[in-house]
1. Arrange the peptides 100-108, 315-323 so that the one whose residues have, on average, the most other Cβ atoms within 10 Å appears first.
2. Using R₀ = 22 Å, calculate the FRET efficiency as 1/(1 + (r/R₀)^6) where r is the Cβ-Cβ separation of Asn150 and Asp213; round to 0.05.
3. If you find the alpha carbon centre of region 212-240 and of region 283-320, how far apart are they in angstrom?
4. For the chain, which cysteines have no second Cys with its Cβ under 4.7 Å from theirs?
5. Provide Ser137, Ser183, Ser302 in ascending order of the number of other Cβ atoms located within 10 Å of each residue's Cβ, fewest first.
6. When the chain is treated as a GNM, springs tying every alpha-carbon pair under 10 Å, which of Val75, Val43, Val303 comes out with the largest mean-square fluctuation?
7. Given an 8 Å cut-off on Cα distances and at least 6 residues of separation, report the relative contact order of the chain as a percent.
8. Round to a whole angstrom and tell me the spacing of the C-alpha centers of region 257-279 and region 62-92.
Amino acid sequence: MKITEVRLGKISVPLRVPFKTALRSVDSVEDVIVEIHTDTGNVGYGEAPPTGVITGDTTGAILGAMRDHIIKTIVGRNVDDFEDLMIALNKCILKNTSAKAATDMALWDLYGQLHNIPVYQLLGGSRKQIITDITISVNSPLQMAEDAANAISRGYDCLKVKVGVDPTLDVARLAAIRETVGSDCCIRIDANQAWTPKEAVRMLNQMQDKGLDIEFVEQPVPAHDFEGLKYVTDHACVPVLADESVFSPEDAVKIMQMRAADLVNIKLMKCGGIYNALKIASAAEVYGVECMIGCMLEAKVSVNAAVHLACAKQIITKIDLDGPVLCSEDPVVGGAVFDEKVITVSDEPGLGIKEVQGIQYI
């Protein structure tokens, strides 16, 4: 199976409600789709969201990396030369992790098709179903409580609550949600780098003193501040998950060696795809650090790839793959089935994607 062509396109998928964090507000998913075509007629699908405030990758940057570096590197190669392909992909351009991730997942898709096996089974095949949380965007305490109640009515029992916009309101936001959902619902929070280390410790301890029962806090301090992250981990009574601080296996190992966080978040768009995510998972197994699998604001193609990884590895114990259920429509035929919180992986070869409707080719 030889790679003959790579086609690029865009999709636009509206959200049910605006997605608001400490870093941005978004009304729709606007992602780049990568199709890798082969001489056997097989097609592998990948997706890259332009999340400039986190990855630094804009739509133009993704397209430029694909056209000027990645496509030239992979066209003409055999899919079965997989390790060589992955090494070449990761070496052909620095950073640009979203473009690499889209290419990586499309190559895994083809590799699974070539050997007639689903990717999750190729990687370990630990389980067929996973349970995701759902994100509650940052708003007024009343609006967030209403959104939480709606999530509970849809069957969710774990909420990832965005905080960090006006920290003076964060405790009130969490208190309103906890009062609404009761004590049985799991609440985890995501500050998206919004706090200083001392501010984070003060806020988190205050939340726990009020009985808000926070499972963990995601990335409370700026991504580069590993020492600050460790300070929060050492002094707060809420476990800490490193997210934006982890862009590579090397970042993950450093955090684990420093004990700068209690958990590590794997996102394909940050680490460059499944190939590098497997290295993070392996390091986590060695250090005994549980992982969460997360996503940016993405449609089903790329989240589906993360589902395969999550279903393969037991070290991934926390699931934050709600991108497709935040969308008001699904242009993707095939792949994992998202039934609100329950995600069931496909047993079709590769990643199981049959078609992506509404692509605007560019």
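1. By packing density, highest mean first, the sequence is 100-108, 315-323.
2. E(calc), rounded to 0.05, equals 0.60.
3. The two parts, judged by their Cα centres, are 20 Å apart.
4. Isolated Cys, the chain: Cys92, Cys185, Cys237, Cys271, Cys291, Cys295, Cys311, Cys327.
5. Going from least to most buried by this count: Ser183, Ser137, Ser302.
6. In the Gaussian network model the winner is Val75.
7. Once divided by the residue count of the chain, the mean separation gives 21 percent.
8. The distance from the Cα centre of region 257-279 to that of region 62-92 comes to 22 Å.
Every number in this text was worked out from the coordinates using simple rules, so none of it is lab data. What you are looking at is a predicted structure, and each value in this text was computed from that prediction instead of being measured. No Cβ is skipped: glycine too gets one built from the backbone with ideal geometry, and neighbour counts run over all protein chains shown.
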